[in-house]
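Written below as structure tokens is the structure these notes are about.
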């Protein structure tokens, strides 16, 4: 694709985004452009100082408020899902079809948003949040958001950590965060306009997504393969294969064979396949990678989660340094589950899971540069609207990456990641996005000046907002009827 086609694609996306805004389209388009070109704002209100936001700071918040508005609270959840689907429909036409891989690669993960001081914000709960101070519990009060993103193919040795976000949904306190991710996957696989539908799709997730309920949900799609990491204390089983002359006893059928405990090598049988490759780290260290695969393994389920119907391939991955010593004390265990799980090779599975860490880079960039978790509001609906706007801003940056010029800081000019990368990183695109907007223009109309609003009557006192308790899942579960 040449530069003219890249420019046309970006303009078409911006036009479709602008037309998708039902209320305050000009304000919201300026806000998305201010986010995409932000290089100095540390809070949301400071975005009103961006030259591409041509309106007052109060209009900024009015745009977020009017982005999602419903009169009937009972219809709010359904309308939000419709809005989320429409947002995905804006993005999927621009997804790059894989050229080297024979499958689409997507990733799903959850990120916490700290809201420990927002006492008037509804539905706050205790969420996992890593803490660098030794001895502190990795827990905070806030919300969680589940991300579904396409992980595109990369070029070069150490390319930038780009992805294409498709869905960003808040996890309520009465929802399972992994099952929210399963619902996002369902929406993608059932989207008829998506190029992913009908093709082999591989999703990657961390250890939380190796639970039986999530794997069972993904097994309902014929073209979906799930790669999830397994904890080193898990216990699996071989499929039961009757020997010649075996007569099944009456009663329950036998599904599970010999035990396979990841902590006990004496329970392992010989691997069905072994593969090797090399890995070069960013610091120039070379490692030998050994991959062992066991086919047709099983995990236990429940009455409503028959995991004996979902056999999987188990991979053990170890890295060795140049002297032949283990680089890490514990190996990495991966599960590959799905009806078409045998189509990706062990090497393809290993490289696919390596790209899962780009999700972490998105959350870091989003929170540091796009103010993803900086919108302070007592309304959870407005917080979700802000997440959607940030998602659109990131997609703009991704589409503009071939058009951006590199403007590294003086202390960054000689870094290997700057000199060797074939693509520009999200940070560098954001630094140059203001120039791109000035050259291609914006569909938003300039603001019209009106008389000053009289505002509230002098002496008006608003009632204080009620303080809401933090939701603790254990207490909520205890209140449920037996």
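Points worth noting:
- Residue 44 satisfies every condition listed in (1) touching a residue at least 24 places away in the same chain (Cβ under 8 Å); (2) within 16 Å of residue 446 (Cβ to Cβ); (3) surrounded by 18 or more Cβ atoms within 10 Å (Cβ to Cβ) except (2).
- Verdict on residue 233 being within 29 Å of residue 176 (Cα to Cα) and without any contact (Cβ under 8 Å) to a residue 40 or more places away in the chain: yes
- Selected residue (criterion: surrounded by the most Cβ atoms within 10 Å (Cβ to Cβ)) from residues of the stretch 20-41 that are out of contact with any helix residue (DSSP H, G or I) (no Cβ under 7 Å at 6 or more places or on another chain) and modelled with pLDDT of 95 or more: 30
- Residues (over 17 Å from residue 165 (Cβ atoms) and surrounded by fewer than 20 Cβ atoms within 10 Å (Cβ to Cβ)) located in the stretch 347-374: 347, 348, 351, 354, 374
Here's the yes/no breakdown for (1) modelled with pLDDT of 90 or more; (2) over 15 Å from the mean Cα position of the chain (by Cα); (3) surrounded by fewer than 20 Cβ atoms within 10 Å (Cβ to Cβ):
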{"position": "95", "(1), (2), (3)": "yes, yes, yes"}
{"position": "106", "(1), (2), (3)": "yes, no, no"}
{"position": "116", "(1), (2), (3)": "yes, yes, yes"}
{"position": "128", "(1), (2), (3)": "yes, yes, yes"}
{"position": "131", "(1), (2), (3)": "no, yes, yes"}
{"position": "154", "(1), (2), (3)": "no, yes, yes"}
{"position": "159", "(1), (2), (3)": "no, yes, yes"}
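- Some residue of the stretch 313-332 being closer than 14 Å to residue 279 by Cα, touching a helix residue (DSSP H, G or I) at 6+ places or on another chain (Cβ under 7 Å) and assigned to a strand (DSSP E or B): yes
- Candidates 343, 381 - the one that is under 25 Å from the mean Cα position of the chain (by Cα) and in a helix (DSSP H, G or I): 381
- Some residue of the stretch 205-213 being more than 29 Å from residue 113 (Cα to Cα), at pLDDT 95 or above and not in a loop (DSSP other than H, G, I, E, B): no
- Candidates 372, 391, 359, 335, filtered to the one that is touching a strand residue (DSSP E or B) at 6+ places or on another chain (Cβ under 6 Å), outside any helix (DSSP H, G or I) and over 19 Å from residue 101 (Cα atoms): 335
The values are calculated or read from the model by the stated rules, or taken from the named source; none is laboratory data. Since this is a predicted model, take the numbers as computed values, not measurements. Cβ coordinates were reconstructed from backbone atoms using ideal geometry, including for glycine residues, and neighbour counts include every protein chain displayed.
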